[in-house]
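A quick write-up on the structure given underneath.
None of the figures in this text is laboratory data; all of them are computed from the coordinates on show. What you are looking at is a predicted structure, and each value in this text was computed from that prediction instead of being measured. Using ideal geometry, Cβ is built from the backbone for each residue, glycine included, and neighbour counts are taken over all protein chains shown.
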């Protein structure tokens, strides 16, 4: 049986450089990633961490850093909750220009077949990426129900 | 035709800063759809059994179908059959369901494309390439008022697979 993979594609009217910045700058992510700030020097092999109000939520290692085309990092959300941990998974962002628009493909793989992380990120990525698109195109993040946004924190 | 035997093959969820009524209108109005659906117009008779048509800018019928579920502004289910000869005979109808739910100040729109038989990933690749572009563009129109122009090549992998089945594609 093949391992589960979650892939989400969205098109955003912005530049690859702005999109790269939005994905990697904590001031930016805090505004659209439901309060989660990311911090890293984004060198391959370095750590990165998301934290909300000082509490870590997701962390891992930078696997690929090829601005502004591809970013990949390992994904471990067990720092934020007490449930049995699932294996570390992997997220890859591919930024593909299409004229004045960027196609962003997010691939979340190496997921544990038990499925809890898959279920949580399958619900969470569309929320985060819709909020990212909104902030880049309109200047405003999405105001989705806080309870629903919490799903991402516990992915 | 019974929709019960249709199973989801592609699901796409998108959150939009808008209201369920406006999202419903965008999905079902010709004027709106031209802005986000590659210039095509959606015409739909909003009742079970009503006609569902998508026309290309020259007025030709590109996609035809029928309304199976109509619950404004929450749910719309239609058959969504591209008008290529023998497509339905060889692949069966395509069913598209839009579900619109409030999500805080935003709307969660879920598009589900279903079929009555297993289809290869190559055949499904056309929809999987198109839906994110159409729905991303819908979101931009509703949030910014401006359409996005997405340069998109025809879905070659799907077209090749259809031709192999003897379906004549343009």
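General observations
- Folded to 0 to 90 degrees: helix A:116-138 orientation relative to chain A principal axis, Cα: 20 degrees
- Shape call, chain A: gyration tensor on alpha carbons, a/c limit 1.5: rounded
- Distance between the 7 Å Cα→Cβ label points at residue B:43 and residue B:153: 3.4 nm.
- For the protein assembly as shown, the percent of C-alpha pairs falling in each 10 Å distance bin, counted from 0 to the bin holding the largest distance, reads 6, 25, 33, 24, 11, 2.
- Relative contact order (%) - chain B, alpha-carbon pairs under 8 angstrom, separation at least six: 26 percent
- Here region A:92-107 is scanned for amide nitrogen atoms under 17 Å from the site 7 Å beyond the Cα of residue A:66 along Cα-to-Cβ, giving A:92-98, A:103-107.
- Distance (nanometres) between label positions extended 7 Å along Cα→Cβ at residue B:31 and residue A:55: 4.8 nm
- Region B:85-170: Cα Rg divided by the 2.2 N^0.38 Å rule of thumb: 1.31
- The C-alpha atoms of chain B define a longest principal axis, and helix B:121-144 lies at about 20 degrees to it.
- Contact order for chain A, expressed relative to its length and based on alpha carbon pairs under 8 Å spaced 6+ residues apart, stands at 26 percent.
- Computed lengthening from residue A:85 to residue A:114, 0.36 nm per intervening residue step minus Cα-Cα distance: 9.4 nm
- Kirkwood Rh and Cα Rg combined as Rg over Rh, evaluated for region B:34-130: 0.97
- Region B:40-119-region A:93-112 distance, computed between alpha-carbon centres (Å): 27 Å
- Scaled to the globular estimate 2.2 N^0.38 Å, the Cα spread of region B:3-164, given as radius of gyration, is 1.00.
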